[in-house]
1. Limited to region 90-114, what total is found for residues that are within 23 Å of SER47 (Cβ to Cβ), part of a helix (DSSP H, G or I) and either touching a residue at least 12 places away in the same chain (Cβ under 8 Å) or acidic (Asp, Glu) (or both)?
2. On the basis of being hydrophobic (A, V, I, L, M, F, W, C) and in contact with a Lys or Arg (Cβ under 6 Å, 6 or more places away or on another chain), does PHE215 make the cut?
3. If we scan region 140-147, do we find a residue that is farther than 19 Å from VAL49 by Cβ, surrounded by 14 or more Cβ atoms within 10 Å (Cβ to Cβ) and touching a residue at least 60 places away in the same chain (Cβ under 8 Å)?
4. Cβ contacts < 8 Å: first residue within 19 Å of LEU140 (Cα to Cα), restricted to region 201-226; second residue of a type in the set (Lys, Arg) and surrounded by fewer than 16 Cβ atoms within 10 Å (Cβ to Cβ), any location; separation 6+ or different chain. Result?
5. Confirm whether ARG124 is surrounded by fewer than 19 Cβ atoms within 10 Å (Cβ to Cβ), among the basic types (Lys, Arg) and modelled with pLDDT under 95.
6. Which is in a helix (DSSP H, G or I), without any contact (Cβ under 8 Å) to a residue 24 or more places away in the chain and basic (Lys, Arg), of LYS32, LYS7?
7. Residues that are more than 30 Å from ARG240 (Cα to Cα): find the helices (runs of 4 or more DSSP H) completely inside region 115-218 holding 2 or more of those.
Amino acid sequence: MASLSDKIQQLDPTRIPRHVAIIMDGNGRWAKQHGHERSFGHENGVSTVRQITEIASEVGVGFLTLYTFSTENWNRPQEEVDALMNLIVVSIEQQTPDLIKNNVRLTTIGNMERMPEFAANRLRKCMEDTGHCTGLVLCLALSYSSRWEIVEACREMASKCASGVMAPEDIDDEMFSRHLATRDMPDPDLLIRTGGDLRVSNYLLWQIAYSELYFTPKYWPDFTKEDFVDAIADFQARERRYGKTSEQVNNVEE
């Protein structure tokens, strides 16, 4: 079996996905499989976040967006929600020195107004502390759902139209994208989902229109650096046509 370094060497450095988005699924089922409460799975999932952030930075990914807490997750038992909020904040605070050391900038997307004040304030502090970093952008999708994001964009544009700042005919794909939470990032080239489910769960629906999708049955706590590199290798083996023919993509006349 090839080592991690061998697998990295086999990647085409000119075709590394600029933006990778991940649905980190399976923490609770992993914990149950090991005879523990769901919180145990979330705690172990933190280690995977650190490992995947490291390998993404190493291979040259520019943006890594992690589906950390959806708006639907607020409907989970309050005890689990409270534990998750505390775990997210404490984990990011603990990892901030390493993020700075590795030149990783932290940012978030989502409805931060729904976040507990203690969590929102401490996360903002971590983002400020890494704000000078110029390497990988680690984006946490917190209190996020794509439908929420799209509705917010529509409301903002409708308000601008009503006030005369813009006209309805000004709205096109590019204008719409500039009103999304991800306006400062390119669309994901690759979407990875762990845990075995084959759906996108209200995640970056507009942005993943042409993303390559990669599903693995592995639960998030078991997802390794090697698995991440395997996903990128699979991505590089695909032909991205964006609605064109293979001949057009390869500049071959039909």
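The values are calculated or read from the model by the stated rules, or taken from the named source; none is laboratory data. Model, not experiment: these values are computed from the prediction. Backbone-built Cβ (ideal geometry, glycine too); neighbour counts: all protein chains shown.
1. 8
2. Values: hydrophobic (A, V, I, L, M, F, W, C): yes; in contact with a Lys or Arg (Cβ under 6 Å, 6 or more places away or on another chain): yes.
Taking the combined requirement at face value, the residue satisfies it.
3. For region 140-147, residues farther than 19 Å from VAL49 by Cβ, surrounded by 14 or more Cβ atoms within 10 Å (Cβ to Cβ) and touching a residue at least 60 places away in the same chain (Cβ under 8 Å): present.
4. Listed by first residue and then by second, the contacts come to ASN202/ARG147; LEU205/ARG147.
5. Working: surrounded by fewer than 19 Cβ atoms within 10 Å (Cβ to Cβ): yes; among the basic types (Lys, Arg): yes; modelled with pLDDT under 95: no.
When the stated conditions are applied, ARG124 does not pass them.
6. On the way: LYS7 fails: without any contact (Cβ under 8 Å) to a residue 24 or more places away in the chain.
Only one candidate qualifies: LYS32.
7. Working: elements: 117-129, 146-163, 173-177.
Per the criteria, 117-129, 146-163.
Matching residues to (1) surrounded by 12 or more Cβ atoms within 10 Å (Cβ to Cβ); (2) within 13 Å of the chain's Cα centre (by Cα); (3) modelled with pLDDT under 95; (4) hydrophobic (A, V, I, L, M, F, W, C):
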residue	(1), (2), (3), (4)
LEU180	yes, no, no, yes
VAL200	yes, yes, no, yes
SER211	yes, yes, no, no
THR216	yes, no, no, no
SER246	no, no, yes, no
